[in-house]
Amino acid sequence: MNLIKVKHFGPIKEGYLDNDGWIDLQKVTLFIGNQGSGKSTIAKLISCFKWIEKVLIRGDYNTKWFTEENRFRNIYCAYHRLQNYFKGNTTLNYKGNAYQIDYTNGELTITENNTGNYQLPQIMYVPAERNFISTINNPELLKLSSDALTEFLTEFDNAKRAIHSKGMNLPINNAIVVYDDLKDELNIKGDDYKINLIESSSGFQSVVPLYIVSHMLTYSLENLLIKGNKIHAKRLAIKPMSSEELKRFKKGVSAIWANEDLTDEQRRVALSALSSKFNKSAFINIVEEPEQNLYPKSQQQLLNSLLKLNNVVEGNELIMTTHSPYIINYLTIAIQGMDLQQKIEASKNTNGALSKLYEVVPENATISAKDVVIYQLNEQNGRIEKLDSYEGIPSDENYLNQSLAVGNELFDTLLEIEQGL
């Protein structure tokens with residue numbers, strides 16, 4: 001996986017103090033903290049750095065393009081509205097599988113890693129403002145000031161048109177979302193009702209854009225292969241190249257075939273390498289506040305669905321920011337589910353234990369403890385801490401659970417006052 005270091009940027013001051021400041025990004029990475037602590041800031045930086053690495057690999061730009069004329073700050077950080085977060089001592093570092101990107105003393109440098117282990121990803125930043133899209137007709141006609149929200153709107157428009165005529169099952173309330181192509185609208189269907197998404201609850205308005213975009217982008221990856229309970233490399237769906245991608249690809253193919261010094265085997269390897277630069281083989285899903293407007297049980301159901309999609313491909317990553325203690329608790333359940341699943345599979349006498357497990361944690365929604373990391377951000381001192389774990393289980397000594405404990409303490413204080421009357 002990748003690493004990122006952030007110091008003196010926006011609300012983040014000293015940042016992460018351990019591991020020389022490097023934050024480890026795992027298959028599932030969660031950022032928690034109060035408002036204004038920098039959760040979204042670091043998630044947006046991850047999105048920005050991963051995108052730059054991707055387009056460098058694909059050949060859209062060269063390193064010189066990003067390092068000149070302060071484009072990194074004024075164009076690419078501005079995309080996420082981070083251009084004013086820079087300070088005189090800002091330090092930003094990113095270690096990817098293909099490139100290392102460093103920003104220090106006001107200058108950006110990019111160096112190639114040459115690890116030879118890079119999966120070209122589809123990257124999606126899912127903003128907290130997503131429910132706004134669900135509340136209006138013809139959102140594509142809006143002139144949005146947020147580039148990230150505009151991109152998400154485009155993917156949302158693509159996703160709703162890709163919904164099968166029978167609809168798509170939603171992870172909450174046993175509901176189905178159906179697209180009416182004549183009216184260009186989405187409807188929510190239950191056992192005894194059908195309602196337009198615009199008229200539905202705020203929970204549906206938050207879940208539908210997030211879920212259908214995540215589902216579409218997961219299953220638009222190329223070269224997927226079913227292996228065990230995961231999908232690694234068999235073609236399920238093909239997302240066509242854009243016209244510019246196709247142009248560059250054809251130019252590359254022509255150059256390979258025109259090189260008479262290559263043997264047939266060398267030509268085959270070169271063509272394979274060229275194709276791998278254009279085939280998206282992983283999905284990086286960066287989600288702000290998945291719990292938005294959701295009842296705790298619905299938060300669990302949505303989280304399980306996101307974990308399922310994340311498990312479809314080995315190279316997929318799920319990065320989330322949250323204010324919800326339930327997200328941490330249900331993520332813990334998914335980790336315990338993986339541990340129990342492995343014990344059941346190793347046991348000779350399961351007595352139907354696996355089916356009982358899947359009633360608690362759905363099949364394919366479990367996650368290994370080594371693939372999960374949780375970071376806490378403190379808005380008061382601008383520091384980042386890694387949440388401790390016990391035998392792989394995230395500690396309940398975290399900011400969100402502590403906030404719940406405060407409520408109990410206040411209740412006890414009221415009881416003491418009452419008893420003193």
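Taken together, the values in this text are just the output of simple stated rules run on the coordinates, not laboratory data. Quantities reported herein were computed from a predicted structural model and do not represent experimental measurements. So basically every Cβ, Gly included, is an ideal-geometry build from the backbone, and we count neighbours across all protein chains shown.
As a rough guide to protection, the peptides 69-77, 314-322 ranked by mean Cβ packing within 10 Å, highest first, stand as 314-322, 69-77. Across the range 65-76, rounded Karplus estimates of 3J(HN,Hα) from the backbone phi angles (6.51 cos²θ - 1.76 cosθ + 1.60, θ = phi - 60°) give 4, 7, 8, 9, 6, 6, 4, 4, 7, 7, 10, 7 Hz, Gly and Pro being marked x. Taking 7 Å steps out from each Cα toward its Cβ at ASN19 and ARG58 produces label points 2.8 nm apart. Sorted from greatest to least, the principal axis extents spanned by the alpha carbons of the range 244-343 come out as 63, 37, 15 Å. Among the trypsin sites (Lys or Arg not before Pro) within the range 303-349, which fall in a DSSP loop and have no more than 11 other Cβ atoms within 10 Å of their own Cβ? Of the trypsin sites (Lys or Arg not before Pro), the ones in loops of the range 303-349 whose Cβ has at most 11 other Cβ atoms within 10 Å are LYS348. When the Cα positions of ASN187, LEU153, SER134 are compared along the charge dipole of the range 130-218, ASN187 comes out farthest toward the positive end, with charges on each C-beta of Lys, Arg, Asp and Glu.
With R₀ fixed at 56 Å, the C-beta to C-beta distance from SER202 to THR263 puts the FRET efficiency at about 0.35.
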